[in-house]
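One structure below.
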Amino acid sequence: MKNINRLIATAILYLLISACGKEERLMYKEPPAIYFSRDFVLPDSINYTFVVKPDTVLRDTVYLNIRITGLATDADRKFNLVIADSSTAVKGKHFDIGPAVIKAGEYAIKFPVYLFRTPDMKDKVFSVYFRIASSDDFAAGFANSLKYQIRITDMLLKPADWSDFFYGAYSLTKHQFMVSRLGTTAITMGTGAQFSEIMSILQKMRVELIRYENTNGPLIDENGNRVTFPAI
C-alpha cells in the first residue's frame, strides 16, 4: 500500500512539474516588452516644483519606474524612449536624461530624469511628454502604460490628488501657507506624503492657522474666501 501511495505521489509531482514547465514556456513565448510601471496615485504624471528648494539648488532628479516583460538576459538591452514634439520643456535646458538601457540581469529600473532650475520657471510651467516605442530589443508593452508626463516649474502647482475631504477647497494662498509652515511640498500621497502623515498635516495646519489668525486676523485667499481646514 505504501508503494502504491508513493507511486501516486510521484506521478502527481511529475504532472505538476510538467504543467509548470508548460506554463512557463507559454508565459515567455511572447517577445520581451517594456512599459512604465506607474504609481496608482499619479498614474501617468509627475508635478515637480523647485519652489521650496534653496536658491542654490539648481538641479534635481526624478525617477520613472520602468519594467520589462519576459526574462532578464545576460546582456544590456536598449529601449526607445521618445520625447514628444508637444513638449514645452527643452532637453538640455530644462531637463536631460541618461542612456535608455536595461542592464543585464535586470527586470525593472528607476530611470533618472535630470531637472534644471531656470529663471523662466518663476512664472511658467514646462512639460515634457515621454512615450515608450518599440526598439530592436523590446516591443512596446501595455498600451495604457506607455506615456508619462513631467511638469516642471519654480511655482506651486495644485497636486493632482488634492483632496477637499482632507484639506478643504484648494487655493494657491492655502497651498502657500501649508508649504511655508511645513517646509515641504509633500502634502499628498502623490507629492510624497505617506497616508499616515496626512491627518497629522491637517491637524498641524489647523493649529498653525489659529496662531496666524490670533496675530493677523483671517487669512483671505486670492478668491476672496477665508482659508479654513476641515475638522475631521
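You will find that of Gly183, Gly192, Gly217, the residue that is surrounded by fewer than 16 Cβ atoms within 10 Å (Cβ to Cβ), out of contact with any Cys (no Cβ under 7 Å at 6 or more places or on another chain) and at pLDDT 95 or above is Gly217 and no other.
Filter segment 41-53 down to the residues that are in a loop (DSSP other than H, G, I, E, B) and in contact with a helix residue (DSSP H, G or I) (Cβ under 9 Å, 6 or more places away or on another chain), then identify the one that is nearest to Phe130 (Cα to Cα). Working first, answer last.
Just the residues of segment 41-53 that are in a loop (DSSP other than H, G, I, E, B), to begin with: 41-44, 50-53.
Narrowing further to those that are in contact with a helix residue (DSSP H, G or I) (Cβ under 9 Å, 6 or more places away or on another chain): 41-44, 50-52.
On the way: Val41: 19, Leu42: 15, Pro43: 14, Asp44: 10, Phe50: 21, Val51: 24, Val52: 26 Å.
Step by step, filter segment 41-53, then rank; the result is Asp44.
Checking Ile210, Ile187 one by one, the residue that is touching a residue at least 24 places away in the same chain (Cβ under 8 Å) and not assigned by TED's automatic domain parsing to the domain that holds Tyr114 is Ile187 and no other. Scanning segment 190-232 for residues that are over 30 Å from the mean Cα position of the chain (by Cα), of a type in the set (Gly, Ala, Ser) and over 14 Å from Ser171 (Cα atoms) yields one hit, Gly217.
Of these, Lys122, Lys158, which one is under 30 Å from Glu213 (Cα atoms), assigned by TED's automatic domain parsing to the domain that holds Gly92 and surrounded by fewer than 17 Cβ atoms within 10 Å (Cβ to Cβ)? Explain how you work it out, then say what you get.
Details: Lys158 fails: assigned by TED's automatic domain parsing to the domain that holds Gly92.
Only one candidate qualifies: Lys122.
Among the residues of segment 162-184, those that are without any contact (Cβ under 8 Å) to a residue 60 or more places away in the chain and aliphatic (A, V, I, L, M) comprise Ala169, Leu172, Met178, Leu182.
When Glu106 is tested against the conditions (1) assigned to a loop (DSSP other than H, G, I, E, B); (2) buried (at least 17 other Cβ atoms within 10 Å of the Cβ), the lone failure is (2).
Scanning segment 54-77 for residues that are over 22 Å from the mean Cα position of the chain (by Cα) and assigned to a strand (DSSP E or B) yields a single hit, Arg77.
Exactly one residue out of Lys103, Lys122 is at pLDDT 95 or above and of a type outside the set (Val, Ile, Thr): that is Lys103.
The values are calculated or read from the model by the stated rules, or taken from the named source; none is laboratory data. Because the structure is a prediction, the values reported are computed rather than measured. Neighbour counts run over all protein chains shown; Cβ positions are idealised from the backbone, glycine included.
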